[in-house]
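Chemist: What follows is a single structure, and I will ask about it in a moment.
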Amino acid sequence: MSSTHPGATPERIELARAIAASLPKFGEWASASRQFDTPYGRLGYRRISILWVLRHGLVDPKDATTTGLARFYRVQPSVLTRALASMECDGMMSRTIDPGDSRVIRVEITDQGIEVSRYVEDLYIGEVLEAIARLPEAAICPLADSVRQLDQIADELDHRRFCRPRRAPHDPTAP
């Protein structure tokens, strides 16, 4: 096996195999919750995902547009149009025409959208807390370090595949 991966130790090959096998499970778990009952009604995964992306600044503010979000999700803008329109009607986000270019539709999460996003995030966090409840305290810090490293690896893989990271550049001065 190492002949196809020059310089890779057997331990690194096994680690790469474990990462490739394990990480999709988290995405499947997260996306398996297709509908969320919230105090604001039932919301689908796509709408919740858009709120998450806007709330956490995963797209650069200059790309917080219909086209920028479509680029982030790697879909055509028309795929997001219905979701964005219904989210605007429900008061979760606003869409405005860019004053500098009338072809550009700016997208911004509202206070209600932030509340909904936090509500669903709490549901996810609750499930994860239940799943990790039996871990010994001594395992928490190393696991947190590993998650940070896995996040960096995911960014690197995304960059290699699509020639860009899936998040806005980190601004250490941001609140």
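Readers should treat all values here as calculations from the given coordinates under stated rules, not as data from a laboratory. Here the structure is a predicted model, which is why all the values come from computation and not from measurement. All Cβ positions, glycine included, derive from the backbone under ideal geometry; neighbour counts span all protein chains shown.
Chemist: What FRET efficiency would be calculated for the residue pair Leu135, Phe162, taking the C-beta separation as r and a Förster radius of 30 Å, to the nearest 0.05?
Modeler: For Leu135 and Phe162, the calculated efficiency is 0.35.
Chemist: For segment 31-67, which trypsin sites (Lys or Arg not before Pro) are both in a DSSP coil and crowded by at most 12 other Cβ atoms within 10 Å?
Modeler: Arg34
Chemist: Length gain on complete extension for the stretch Arg95 to Lys62, per 0.36 nm per residue less the alpha carbon to alpha carbon distance?
Modeler: Length gained, Arg95 through Lys62: 10.5 nm.
Chemist: Between Ile19 and Val104, with labels modelled 7 Å along Cα→Cβ, what's the label distance in nm to one decimal, could you check?
Modeler: 3.5 nm
Chemist: Starting from the 7 Å offset along Cα-to-Cβ, what nm value, one decimal, do you get for the label separation of Gln35 and Ala8?
Modeler: Result: 4.2 nm between the two label points.
Chemist: To check my understanding: the extent here is largest minus smallest coordinate of the Cα atoms along each principal axis. What are those three numbers for the chain, in Å, largest first?
Modeler: 55, 37, 33
Chemist: Let me ask something additional. To the nearest 20 debye, what is the magnitude of the charge dipole of the chain about its Cα centre, counting +1 on the Cβ of each Lys and Arg and -1 on the Cβ of each Asp and Glu?
Modeler: Result for the chain is approximately 720 debye, rounded to the nearest 20.
Chemist: Using the alpha-carbon centroid of each, what span in Å lies between segment 75-89 and segment 1-68?
Modeler: What the calculation gives is 20 Å, centre to centre.
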